[in-house]
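Chemist: This is the structure, below, for whatever I ask next.
The values are calculated or read from the model by the stated rules, or taken from the named source; none is laboratory data. On a predicted model such as this, the values are computed, not experimentally measured, just so you know. Note that each Cβ is placed from the backbone with ideal geometry, even for glycine, and that neighbours are counted across all protein chains shown.
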Amino acid sequence: MKYFLPLLVIACSVIGSLANVFISSDSWYVDLVKSPLNPPSFVFGIVWPILYALMAFVSFKSADKIWKLFIPQLILNAAWSWMFFFMHAPLLALINITILIFLNQKILVILKIESKLLFWLYLPYVLWLSFAAFLNASIVFLN
């Protein structure tokens, strides 16, 4: 499991990013009313690889403790992009990310008991998910 989870993180990042391939030819996202706090697109391309690297490291170090929550959260993580960008279903994506945040808060509790370092390394992911949920909710309510 220790080596399997980081490989799943990589698979998740690839599967999720494939949904974004369709954005360049799709004006749906571009035409949405977004929060004024919505960062430029290039920011996501910087932040997500860092978060995936942190997730892979934390999952490697704590696989035996978190795998039962970590695998479902990875599935939801990859599915979010497909729901939002490919299916054009921001409400469904918002429900998804809400569950995703809940699962990751449970992971944070486990990590805090196991290792303060792993907790702090994983926290940015949960904070970014929370920010992404805010952006997702903004799109749901503004459109």
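Chemist: Is it the case that residue 55 is over 13 Å from the mean Cα position of the chain (by Cα) and either farther than 25 Å from residue 140 by Cβ or surrounded by fewer than 13 Cβ atoms within 10 Å (Cβ to Cβ) (or both)?
Modeler: no
Chemist: Of the conditions (1) among the β-branched types (Val, Ile, Thr); (2) within 15 Å of residue 126 (Cβ to Cβ); (3) under 15 Å from the mean Cα position of the chain (by Cα), residue 66 fails just one. Which one is it?
Modeler: It fails just one condition, (3).
Chemist: Name the pairs: first residue in segment 40-67 and more than 21 Å from residue 17 (Cβ to Cβ), second residue small (Gly, Ala, Ser) and part of a helix (DSSP H, G or I), Cβ to Cβ under 8 Å, at least 6 apart or on different chains?
Modeler: Listed pairs, sorted by first residue: 66/59; 67/59.
Chemist: For residues that are under 15 Å from residue 132 (Cβ atoms), surrounded by 10 or more Cβ atoms within 10 Å (Cβ to Cβ) and at pLDDT 90 or above, tally how many sit in segment 30-43.
Modeler: 6
Chemist: Related question: Looking at segment 17-28, is at least one residue under 16 Å from the mean Cα position of the chain (by Cα) and either within 30 Å of residue 115 (Cβ to Cβ) or modelled with pLDDT of 95 or more (or both)?
Modeler: There is at least one residue in segment 17-28 that is under 16 Å from the mean Cα position of the chain (by Cα) and either within 30 Å of residue 115 (Cβ to Cβ) or modelled with pLDDT of 95 or more (or both).
Chemist: Restricting attention to segment 86-109, does a residue exist that is at pLDDT 95 or above, of a type in the set (S, T, N, Q), within 18 Å of residue 136 (Cβ to Cβ) and outside any helix (DSSP H, G or I)?
Modeler: No, every residue in segment 86-109 fails to be at pLDDT 95 or above, of a type in the set (S, T, N, Q), within 18 Å of residue 136 (Cβ to Cβ) and outside any helix (DSSP H, G or I).
Chemist: Would you mind finding the one in 77, 104, 136, 96 that is surrounded by 15 or more Cβ atoms within 10 Å (Cβ to Cβ) and touching a Cys at 6+ places or on another chain (Cβ under 6 Å)?
Modeler: 77
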